[in-house]
Amino acid sequence: MMEEALKDYLHYLRVEKQLANNTICSYERDLKKYIAFMTKIGLTHPSQIEKLHILRFIEQMRSEGKSDKTCARYVSAIRTFHMFLFQDAVVFANVTENLILPKVKKKLPKVLSVQEVDMLLDYLEQGADIVSIRNRAMIELLYATGMRVTELINLNVDQVHLTMGFIRCIGKGNKERMIPIGQLANERLSDYLQKSRPELLKKSPKNSDALFLNQRGNRLTRQGIWKLLNEFVQAAGITKMISPHTLRHSFATHLLENGADLRSVQELLGHADLSTTQIYTHVTKKKMTDVYKKFHPRA
């Protein structure tokens with residue numbers, strides 16, 4: 001019964017909530033571990049689960065060395081799962097109603113400085129082959145738009161409007177937003193569409209919709225972009241360990257540092273809640289504090 005309930009819940013997330021596949025996979029992974037624990041202690045139906053059992057599960061995760069952030073993620077998944085079961089009348093009480101999320105100390109997002117972004121993009125100016133042209137366009141676009149890497153790999157050619165200077169991006173929850181692109185990103189993308197993509201497409205014409213293609217003519221993957229970016233960062237002489245999401249953090253931070261208002265940055269990033277965007281104000285404040293301490297004679 002537990003597995004059947006999970007299957008129904010995942011179907012609900014996919015069809016009714018229209019969550020991204022990565023998000024659904026994360027819920028599935030966490031809840032499978034949760035259900036395995038409940039089954040192990042002899043519970044076979046969701047109605048048998050009590051708050052005490054959930055607390056025992058969280059304690060088990062802590063004993064395995066899981067961080068507060070990971071435990072908070074488990075609790076979040078468990079709460080939404082039990083809320084679904086209650087609303088679907090699988091159970092007649094929501095045992096997670098007063099379950100408190102573990103407090104998580106917020107970490108400031110890792111960002112590149114403007115100089116480091118310039119180092120990365122200057123390095124990518126080398127090379128005139130079709131892969132180099134693609135790489136320039138891809139990384140320039142990530143930084144120019146602040147898109148999530150999943151949004152980037154899912155882009156289709158018909159979502160690019162170079163003449164009007166914007167990208168039509170489909171984000172979390174299938175929400176659409178328009179993101180302007182600057183002149184440099186526009187030029188790099190135009191070069192890619194004219195010189196590089198037609199050659200890559202010859203290797204696999206079935207992918208005629210996908211914007212960014214790999215050397216086999218298939219749509220690029222998250223793992224592929226992650227691997228490429230780390231190669232570029234090392235080759236450019238940047239010592240920080242970064243991910244594609246670092247470019248998104250850098251995009252938001254640099255906008256705020258240059259006077260952009262928080263609401264506009266929220267819209268560009270596709271954040272549903274302004275509080276999610278506010279983390280970047282802490283980054284800019286920390287930078288100002290560091291500058292003050294370094295340069296003020298009586299700091």
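Data overview
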item	result
Residue list for region 63-75, filter: in a helix (DSSP H, G or I) and either over 14 Å from LYS33 (Cβ atoms) or open to solvent by 80 Å² or more (accessible area, probe 1.4 Å) (or both)	SER63, ASP68, LYS69, ALA72, ARG73
Those residues of region 1-40 which are touching a residue at least 60 places away in the same chain (Cβ under 8 Å) and of a type outside the set (A, V, I, L, M), in sequence order	ASP8, TYR9, TYR12, LYS17, GLN18, ASN22, THR23
Residue that is open to solvent by 30 Å² or more (accessible area, probe 1.4 Å), within 30 Å of GLN48 (Cβ to Cβ) and among the polar types (S, T, N, Q), where the choices are ASN186, ASN98, ASN156, ASN174	ASN98
Qualifying residues in region 101-133 (those that are at pLDDT 90 or above, open to solvent by less than 60 Å² (accessible area, probe 1.4 Å) and assigned to a loop (DSSP other than H, G, I, E, B)) - the one farthest from THR23 (Cα to Cα)	LEU124
Filter pass, THR150 being at pLDDT 90 or above, closer than 30 Å to VAL15 by Cβ and either touching a helix residue (DSSP H, G or I) at 6+ places or on another chain (Cβ under 8 Å) or not in a helix (DSSP H, G or I) (or both)	yes
Enumeration of residues in region 234-258 that are within 16 Å of PRO109 (Cβ to Cβ) and assigned to a loop (DSSP other than H, G, I, E, B)	LYS240, MET241, ILE242, SER243
Residues satisfying the stated conditions in region 266-275, i.e. closer than 29 Å to PHE232 by Cα and without any contact (Cβ under 8 Å) to a residue 40 or more places away in the chain	GLN266, HIS271
Options THR23, THR39, THR44, THR80; residue that is outside any helix (DSSP H, G or I), among the hydroxyl-bearing types (Ser, Thr, Tyr) and out of contact with any strand residue (DSSP E or B) (no Cβ under 6 Å at 6 or more places or on another chain)	THR44
Subset of region 189-234 (residues that are free of Cβ contacts under 8 Å to residues at least 60 places away in the same chain, open to solvent by 50 Å² or more (accessible area, probe 1.4 Å) and within 18 Å of the chain's Cα centre (by Cα))	GLN223, LYS227
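The values are calculated or read from the model by the stated rules, or taken from the named source; none is laboratory data. Fair warning: this is a prediction, and the values are worked out from it, not measured in the lab. Cβ: placed from backbone, ideal geometry, glycine included. Neighbour counts: every protein chain shown. These area figures cover heavy atoms from the full protein model, side chains too; ligands, DNA and RNA do not enter into them. Shrake-Rupley method; radii C 1.70, N 1.55, O 1.52, S 1.80 Å.
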